[in-house]
Structures are given as C-alpha cells and as structure tokens.
Amino acid sequence: MGLDRRSFISLVAGGVAGSLFTPVIWKTLDDVSIWTQNWPWIPRLQYGEELTVPALCKLGADAYGVKVKTIAGRPVAAEGNPDHPLSLGGICPLGAASVHLLYSPSRVKNPKLKDGSSFKDITWEEAEELLAGKITEAGANMAMISGDETGSVTDVLSGLVGKAGSDKSYFMPGESAPAAAALAMLGGDGQVGYDIENANYVLMLGADALGSWGNVARNGKAFSASREKGVKFVYVGPAQNGTTAVADSWIPCAAGTEPVLALGIAAVIAGTNRDRSFWPGFASFAKFVQTSYPLEKVVEITGVSAATITGLARELARAGRPLVLTAAEAGQGLGAFELAAGMSLNMLLERVNTVGGVRILPWAPKVVEAAADKKAMLANDLVAYLSTVADGGAEAPALLMVYGANPAYALPNLAKAQAAIDKAGFVVSFSSFMDETAAMADLIMPDSYAFERLDDAYSPYGSGQPNYTVAAPVIKPVFDTKPAGDVLLSVAAKAELDLGFESFEDVVKAKAEALGADFDEMVEGAAWVSEEFPAQDLALWTTPLQELAVAAQDGKTLALAPVLRLKIGSAKVAIPPFNTNAIRFDEMLGNDMYVLINAATAKNLGLKKDDAVKLASSGGECKARVRIFEGVMNDTVVAPLGLGHTAWDAFSRGKGDNVYKLLAADTEAETGLSRFATVRVTVSKA
Amino acid sequence: MAKCKSCVVLPFLVGLVASIVLGWWGFPKVLYSQKTQPIRFDHVVHVEDQAMACEDCHAFRDDGSYAGMPTNANCVGCHEDVQGEDPDEARYVTEYVQQEKEVEWLGYQKQPDNVYFSHIAHKELDCTSCHPDVANMSTPPVYYENRLSGYSKDTMKMWQCEECHAQSGASNACFVCHK
C-alpha cells in the first residue's frame, strides 16, 4: 500500500489530533511562558539565614554603631543599632546607603600604580614592596593625612610617620581641633562633648544638630525624647535647614556670625546683678564683652534684633540646664576664638563639665608609641601646611600618605591643596573608592570597605560621654582589597620600622585593654562607655581676649552659607548611588546645582529663578542655578557642599559644582588654625 | 470505496497513535535533561547508621525561616576530614570543605522567587507529601531539569498549591503566596 496524498494528509491529521491528547502543546506553552520570566539579567533572590550584625558607620564626620542585615552572610541593608549610645536605633542618610556602597562602581578593586595618565593593576606584594621602598627613601620627609579622628588606623599611620622621624601628621578640618583649642583657652584639656540628652534648653548657634552636625543619629533621638519633656530647641543660623524644620524656633543670623551673637548674649548675662566677681577670669571677660560687644554692635553684625538677644539671654539664664552648641553651618570653618565664644557662654551659664552641659572627655589612650598625640595632631593645621607647600614656603613631602580622606576635593583653599598634593614626591591613597585624591595618587592601596574590615572608634566629636566601639568584619572583602591597618603594619615591618604590633587586631585589643573595655563584648556590638570625666581647672578665658574677625558687608558681596546635607555625601564620600533619588527637584536642575537666595537679594542682583550664575570668592569660582527661597537671610547665599565631583562614578561625577572651591581660609594667628566660616562671594549671571 | 476508506482511516490511526506515544514517552525525554547531585549524599548512612534526625540538617532557624539545604557549616563538625571509604565523601571533603566552597545542591521543589513559601506554616504536613522520600535513599533521585523553564520537573505547580489549600480550608488569596 503506497502513501498517497490523501493517506499522508490523514496521517498528519491523526498526528495533530493525537498531539492534542498529549502534554506537548500545553506543556510547551506553559514552559515558554515561564522561560520568558527567566532572562539572565533579572536579579535573583539569595536565600539563607537572616542576621543582623553590628558594624560601624564612619561615612560622615560621626562614627556610630549600626546593624547590618545579612542574608546568607551577604549584607543587604543597614539600620540603626538600638544598643549603641550614638545610634540609639537611629541612622543617618549615609549610613542608610552604606551597604550599597560595598558594591559601588567607584570601588577600587585592587592595588593600582599610576602609569602615565591612567593606572595599571599591580599585586599587593608589589604595592607593599614599593611603598616600603618609598618610606625608606623618604626618611623623615613624609606626611600623612587622615579623615578619621576616631580610629586606630590613624594611630598606626601616624606612628609610621613618627617612627620615620616626621611630625607631619594631619587631620582633615573639622570642629574637634578648634574646640580643643577653645577649651585650652579656658584652661581645660580634653575632647569636647555635649550632653544633649540631659539639657533642658538647647541653643544651636549654627550647629545643624538635627541634620548633619555632631552625633546626628543620637541628636535626633535626644530631640525626639525632648518633645515629651518640654525641652526647647532653638536654632540660630542664616537659613532654614533640616534642623529648623523641626526645632521650636529659628532665629535668622548672618552666616558665620553666631559666635558674635554668643558674646552678645554673654554681655547681657554678664551685666545682670548676680555676683560673679570671684569667678576666675570673670572681671576681664565681662569687661571685654561689654566693651567690645555692646548690644547695638551685635545687632549690626548678626542681624538679630536686640529684643531677641536679650530674650535669648533671659531664656538661657532661667532654663536651669541650658546648653549652647556652637558650630559652623557646614560643621567646619570656625576658628578657636569663635568656638571659645560659645564655650564661654556655657561657662557663664555654669554649664561646663556638668550634667546636661558641655562635657570634657579624656583623650583616647595612646597605644602606638610613635604616633602623634591626638591633641598635638589636632593642633597641626592641614590647610595652612598645604597652602605653604603650594606657595613654596615649605618643602613638599617626598611621600604623602592619605587615609580616610579626600583632600583633593574637600579642603578650603582647594587649588593650593591640589597644587601641594601635586608637588608631593609620591602620593599613596588608601581609599576604598576612586575619589579625587586617589585619582591624583601615584599608588592606590585600597582599604577594605567599612563592613569588610575590623575597625574601631573612640568618642567622635560631640559625644556626651567617653565611648569606644569595635566592629568586626561583616563580610570578607568583595574585591582584592586589604584593611589599611594591617597593610601599614606589614609595610612598616618591611621598611624596618617597628611599631610594636604585628596585626591591627592587636592594636585594637591594646586600646581596649588600656580603656578597660572588653574586646570580645564590643565585637558582639556592645559599645564601651564611661562616666569618668577628667577634672578641669577652668577660667573665663586664660589667653588675651580679642574681637572676632568678621568679613565686612560691602554691598557687593553676599555671605556664603555652605551647607552639608548628608544624603548628598560628606567630605569622605560622594553621593551614594542609593541616594540619588533623594535629590529633590529644588536641589538640582539637570546637572546644575541650585544655590538659594531670597527674593530681595535676587532683585538687588537682577536675578530670577533658574538663572545660571557664577559664584566667586578669593578662593575660586563655582557655577550654579538660582533658586528663590524665603528661608534665607538677606545678602546671603546658601550653597550645598558635596557636589561637583570629578572622580568617583557616574552617579556623582559632573553633578553640580564643588563649593569647597569658594572656601578661602585665613589663619588664626594665636592658634595657627584655619578659619573659613565667614567667606563672602560675588554672585553674577554666568 | 472500501479501499479508499482504509487509505484514510488507517494512516489517521497510525498518526494518532504515533503522536500519542511520542507525546507521552518521547517528549519528556526531550524536554528534561537529567542531572545528578554534585555529591552522592547517602541519607541512609546518616539517618540509620548515625541516628541523625531530619532536623539536624534541615532545621528551622530561630526566626521561623527554614534553613533548607545544609551548608558546609552543618557538615564540617564531622567531615572536616574524611571519615569513611565512600569516594563521594572524600570528594566532598577535598573539593568543598577544604576549598571552603559550598555544594550547589539541586533542589527538587525549588519555587520561583515570586512565590513565598513558608515551611513553618506547613510543618504539620509530612515532608514526603511534597518531597521525595530521600531519607530512605542511599543515592539521591535523578534531578530532571526542564530545558525551557529551567525548573525542576518536581517543582510544584500553582494548581497543586491551590488544590491543597482548598481541600484543607486554607486561603487561596493571591497575597498568601505572592507578596
């Protein structure tokens, strides 16, 4: 029987009919629909045990405990640590984005050596041998910069530099240095802290305590608790910000003149009937403030009315446990005399070294013998040093090592800082990220990220009591990075400089032992805290009193109020990719940043909303767009720090401009510290 | 006419039968690839010889989530070094434990990411209601992987979940399984 056309059609028809009674069609359709959901670029969930692991967040100026949530050992989110005294369950915007930075595209994934205008990858062995050779070559002609005031890695780095015979150990600018110098002017010695939790009236003179200043998470918790207790929080500053949004009141005050207001209030209080004549230094202090800062002069400088000044004086005097927090809006830039002005007001109110007042904390114990004392290191002014090197007034270091800092981006007198770094013989960056300083460096030895290394923190600036935190690694290094502390000890040994420790863990254990803290307990997340405050022999100013330098209003320039918004980043990190969605429509227009001026100022300058403008100071220039905001004082321009990066990644590079370029610093003659909180700028159409 | 009728019916029947046979017997062989577990884990040795309970390895965590397949952390207590003469045990120790590498066990019932399945909510059921009775096997069953979808042949389909929920009076609302 042959298979004719009709039979073939029947065969096929039978096959098709039969297939309907099999899973072929139905199963294939079902599986194809599932297949369309299985593209390789669709993220897959990782299953495993969910844990919360204690860790440290040091991405801003603060250093506090967080808890990292892990799934199958992989960090997925960070949250506040209720058991840590500086978190109390709170977390800052950078901490919230900290886990995602672990996988940031700007991570430096392995050691790199400058090769022409780019970098070539090298091994850790090669990098350590190279650095050991450079250390030996440089001898005492080396310097170090650290952006971490709290950690022991700074001690190791400073110890290495000290062992080589150099005293050039520097911190990035902050308020610890002027605060310590201010305390010294009042006869004290120690770290300055603030017992916000136990105050019943908090006057924030420029301190953006609820947005970016001090122990941000802890401040927020103290504020939250204060609501039920009737504690009043008053903010004094040139513009509305995160703090004014929730504070009980905002008193507009010309940018950078808050210390003048402090002395004005002090003059009012000193003039009251109470007999303070037996207080050490009171007579000369009272005479100084009443002569140099009469009410009308303070009104003229600060823009705060006489009634408000006397009202503040009255409220402070009656409060019982008032506390005055003095700071620059950006958390840096005040000189020691300016901070001492606020400190003297606390003294006048008898609020120094007492519950709910200013607390004097002991310095961290020194465990690396060759390291500089923290007090001495704070007195070394980095801005002045780099400016002098750039101007040729000092020899450029043959070797410059940078840890936890980005001086090529986040310093006043920025052009000079960059020139000085450029003049250094050999620059080594230990940055975890390709920041501006790493991009300029000759050698990058990438530090493992915060959650990949053992780290510690002793009492960050503002802490109300001595505290010490140790955090173990949450995860093994994701890339070919190494903890800087161990790398430095290894390199020091190769260069035959004995720092007394073989591993960074030994350094931390030694510090814990010196404090009487339990290393193992701290690794589990329990911070060490102490209630011991060294006795102080304070007086109302022990050094010659002098008037504060305030940039004169000239009708042509505006007072610059640089502001720090942690969601945008800090002096250490650029905007985390996770936070880009938090940039509001009124903060950026395309790739341009907004600066804020009020309508009256805009009218005087002939500017309107969205105009492209150029801001210029003696330090440099910035480009921006104008946004009209009535929460800014007259003749003041508010500009955000943290934008305008030239390195990092696509999430931050080329977004806005770098306001640090505008910060022109001068040097306080008595202390040698730089001050840059009262910069004036011209604003003109670009 | 009769001849003409057989010319139509017979090929139709042949095509029908051939199609049914190929559809039920040949199609699955094409659709599924066969895989074996990376290590031949002998449940019998562990359950009968070592008197281990299922929960020793397949345990609930403190938060109620299910640990599922054990990791090296479960095994190194005994298998840091080779214990017996089983070549698979030796391979596990040298290739996984000593290399600090986890075994990529094949899950017979692994659900897609968009399905939330809680073992603790189903703990009253016998394990073998859904899983093969591996406790009585020295060699794990063959793993059939769907070449199109990538899932195991034994992955439970939604209608099976719904059927059981309906029979037991549990909710069949979408959000019960799809969060």
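At 7 Å along the Cα-to-beta-carbon direction for both residue B:121 and residue B:168, put a label point, then send me their distance in nm to one decimal.
1.0 nm
Please list the non-local residues whose amide H lies under 5 Å from the amide H of residue A:53, H modeled 1.01 Å from N, same-chain partners needing a gap of 5 or more.
Residues meeting the criterion, in which the H sits 1.01 Å from N, are A:68, A:69, A:70.
Taking the Cβ-Cβ separation of residue A:667 and residue A:274 as r and a Förster radius of 25 Å, what is the calculated FRET efficiency to the nearest 0.05?
Computed FRET efficiency for residue A:667 and residue A:274 comes out at 0.10.
In a Gaussian network model over chain B where Cα atoms closer than 10 Å are linked, find which of B:69, B:137, B:158 has the largest mean-square fluctuation.
B:158
What shape does region A:558-685 have by the C-alpha gyration tensor, where a ≥ b ≥ c are the square roots of the eigenvalues, rounded means a/c under 1.5, and otherwise prolate means a/b greater than b/c and oblate the rest?
oblate
Report the Rg/Rh value for region A:50-101, based on alpha-carbon coordinates and the Kirkwood definition of Rh.
Details: Rg = 10.0 Å, Rh = 10.6 Å.
Using Cα coordinates only, the ratio equals 0.94.
State whether region A:463-513 is rounded, prolate or oblate according to the following rule on the C-alpha gyration tensor (a ≥ b ≥ c being the square roots of its eigenvalues): a/c under 1.5 gives rounded; otherwise a/b larger than b/c gives prolate, and the remaining case gives oblate.
Oblate.
Quick one: Karplus J couplings for region B:26-35, per residue in order, coefficients 6.51, -1.76, 1.60, θ = phi - 60°, nearest Hz, x for Gly and Pro?
x, 4, x, 5, 7, 6, 10, 8, 9, 10
For residue A:521, what charge total do you get from the other residues with a beta carbon under 15 Å from its beta carbon, if Lys and Arg give +1 and Asp and Glu give -1?
Details: positive: A:509, A:511; negative: A:83, A:456, A:513, A:518, A:520, A:524.
Its environment carries a net charge of -4.
Whole-Hz ³J(HN,Hα) for each residue in region A:163-168, computed from phi via Karplus 6.51 cos²θ - 1.76 cosθ + 1.60 with θ = phi - 60°, x for glycine and proline: what do you get?
5, 7, x, 9, 9, 8
What FRET efficiency comes out for the pair residue A:5/residue B:147, r = Cβ-Cβ distance, R0 = 30 Å, nearest 0.05?
0.25
Pull up the cross-link candidates among the lysines for residue B:153, meaning alpha carbon to alpha carbon under 25 Å and not fewer than 8 places away within one chain.
A:27, B:29, B:35, B:110, B:123, B:179
Using a Gaussian network model of chain B whose springs link C-alpha atoms within less than 10 Å, name the residue from B:21, B:76, B:44 with the highest mean-square fluctuation.
Largest GNM mean-square fluctuation: B:21.
What percent of all Cα-Cα pairs in chain B falls in each 5 Å bin, counting up from 0?
Calculated over all Cα pairs of chain B, the distribution is 1, 6, 11, 15, 15, 13, 11, 8, 6, 4, 3, 3, 2, 1, 1, 0, 0 percent.
Rounded to the nearest 0.05, what FRET efficiency do residue B:83 and residue A:38 give with R0 = 35 Å and r taken as the Cβ-Cβ distance? Could you check?
0.35
What does the charge add up to near residue A:227, with Lys and Arg as +1, Asp and Glu as -1, over the other residues with Cβ less than 15 Å from its Cβ?
0
Just from the alpha-carbon atoms, what are the Rg and Dmax of the protein assembly as shown in angstroms?
34.6, 135
For residue A:65, what charge total do you get from the other residues with a beta carbon under 15 Å from its beta carbon, if Lys and Arg give +1 and Asp and Glu give -1? Could the numbers behind the result be given before it?
Working: positive: A:58, A:67, A:69, A:218, A:221; negative: A:62, A:79, A:83, A:455, A:456, A:521, A:524.
Cβ neighbours under 15 Å give a net charge of -2.
Could you work out [θ]222 nm for chain A from helices alone, using -39500 (n - 2.57) per DSSP H run of at least four and dividing by all its residues? Round to the nearest 500 deg cm²/dmol.
Taken over chain A, the calculation gives -9000 deg cm²/dmol.
Return the long-range amide H neighbours of residue A:433 (sequence gap of 5 or more, or a different chain), with a cut-off of under 5 Å between placed amide H atoms.
The list, which skips near neighbours in sequence, is A:108.
How long are the semi-axes of the equivalent ellipsoid of region A:484-598, taking √(5λ) for every eigenvalue λ of the Cα gyration tensor, in whole Å from largest down?
42, 29, 19
Please determine, in degrees from 0 to 90 and to the nearest 10, the orientation of helix B:158-168 with respect to the longest principal axis defined by the Cα atoms of chain B, where the helix direction is its Cα long axis.
Helix B:158-168 sits roughly 70 degrees off the main axis of chain B.
Of the beta bridges DSSP finds with both residues in the protein assembly as shown, what % are antiparallel, to the nearest 5?
Antiparallel: roughly 55 percent of the beta bridges in the protein assembly as shown.
In whole Hz, what ³J(HN,Hα) sequence does region A:646-651 give by Karplus (6.51, -1.76, 1.60; θ = phi - 60°), x for Gly and Pro?
10, 10, 6, 9, 5, 6
Counting only C-alpha contacts under 8 Å and six or more residues apart, can you give the relative contact order of region B:17-141 as a whole percent?
Value for region B:17-141: 36 percent.
D for region A:1-157, whole µm²/s, Stokes-Einstein with Kirkwood Rh over alpha-carbon pairs at 25 °C and 0.890 mPa s: what number?
Using the Kirkwood radius from Cα pairs, D works out to 108 µm²/s.
Calculated from DSSP H runs of 4 or more alone, at -39500 (n - 2.57) each and per residue, what is the 222 nm mean residue ellipticity of chain B, nearest 500?
-9000 deg cm²/dmol
Going out from 0 in 5 Å bins, what whole percent of all Cα-Cα distances in region A:628-686 drops into each bin?
In whole percents, the pair-distance histogram is 4, 14, 17, 19, 18, 15, 9, 4, 0.
To make sure I understand the rule: partners must be aspartates and glutamates, Cα under 19 Å from the Cα of residue A:287, and not fewer than 8 residues away in the same chain. Which ones qualify?
Within the straight-line cut-off, residue A:287 pairs with A:275, A:296, A:338, A:350, A:547.
Given H placed on each backbone N at 1.01 Å, which residues far from residue A:191 in sequence or on other chains put an amide H within less than 5 Å of it?
Sorted by chain and number, the residues that satisfy this are A:361, A:363.
Please sort by residue number the chymotrypsin sites (Phe, Trp or Tyr not before Pro) in region A:445-533 whose DSSP state is loop and whose Cβ has at most 16 other Cβ atoms within 10 Å. Display every interim value, and only then the final one.
Details: sites: A:449, A:451, A:458, A:461, A:468, A:479, A:501, A:504, A:519, A:528; in loops: A:449, A:461, A:479, A:501.
Passing sites in region A:445-533 are A:479.
Where a number appears in this text, it was derived from the coordinates with a stated rule and is not lab data. What you see is a predicted model; the values in this text were computed from it and never measured. When we count neighbours, we look across all protein chains shown, and the Cβ atoms used for this are built from the backbone with ideal geometry, even at glycine.
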